[in-house]
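Structure first, commentary second.
Here, each number is a calculation from the coordinates, and none is a lab measurement. Just so it is clear, the structure is predicted and the values come from calculations on it, not from any experiment. When we count neighbours, we look across all protein chains shown, and the Cβ atoms used for this are built from the backbone with ideal geometry, even at glycine.
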Amino acid sequence: MDLRGNLAIFGPISVLQLINLAQSTGELALEHGPSTARVFFDEGSVTYAEITNRRVKLGEYLVAQRFITREHLERALEMKEERTRLGTVLVEMGAIDALTLRRAIEEQIKEVVYEVVRWRTGKFRFTYGRKPKTQDVFIDIPLDHLILEGLKRLDEEGATR
């Protein structure tokens, strides 16, 4: 079962809430200009999200937050094989612990949803039952918290203009 539509008619918040209320499991793909976001749900809760043109990649985020050093990142990137996740390499080499990695990934997932809430144009498609192929860290964040924080940021952004 697919659900498709135009974000100018059914905004991202409405679509997110619909999936949440239906307690659906699957992938919501949203397109806005050159960006594409993918938000995955399990029984209505967000478990994973990613976006093309991501402003800050995981490694850069970990360095910026001082969870790892630039040297750790460079060494991990050299050690990383094609199918190995960067976070896995960082944990295996002892540069970061698994809990800190999980929290960093959770923050990045939240940022994707906060970004999507801002979109007013584009299109969306929900594919029932689809799960992420490569993600090994999943979260379970109540959607209402994500939407409220996204709206708060949008409001703050409008107040500073």
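At a glance:
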quantity	calculated
Single residue of the range 29-45 satisfying the filter (touching a residue at least 60 places away in the same chain (Cβ under 8 Å) and touching a helix residue (DSSP H, G or I) at 6+ places or on another chain (Cβ under 7 Å)) that is surrounded by the most Cβ atoms within 10 Å (Cβ to Cβ)	VAL39
Which listed residue is farther than 30 Å from ALA8 by Cβ and assigned to a loop (DSSP other than H, G, I, E, B), from ALA95, ALA76, ALA104	ALA95
Candidate set: the range 109-133, residues that are in a loop (DSSP other than H, G, I, E, B) and either hydroxyl-bearing (Ser, Thr, Tyr) or free of Cβ contacts under 8 Å to residues at least 12 places away in the same chain (or both); chosen: the one nearest to HIS32 (Cα to Cα)	THR121
Residues within the range 63-102 that are loosely packed, with under 12 Cβ neighbours inside 10 Å, under 30 Å from GLU156 (Cβ atoms) and not aliphatic (A, V, I, L, M), tallied	1
Any hit, the range 17-28, residues being surrounded by 18 or more Cβ atoms within 10 Å (Cβ to Cβ), within 13 Å of ARG125 (Cα to Cα) and among the aliphatic types (A, V, I, L, M)	yes
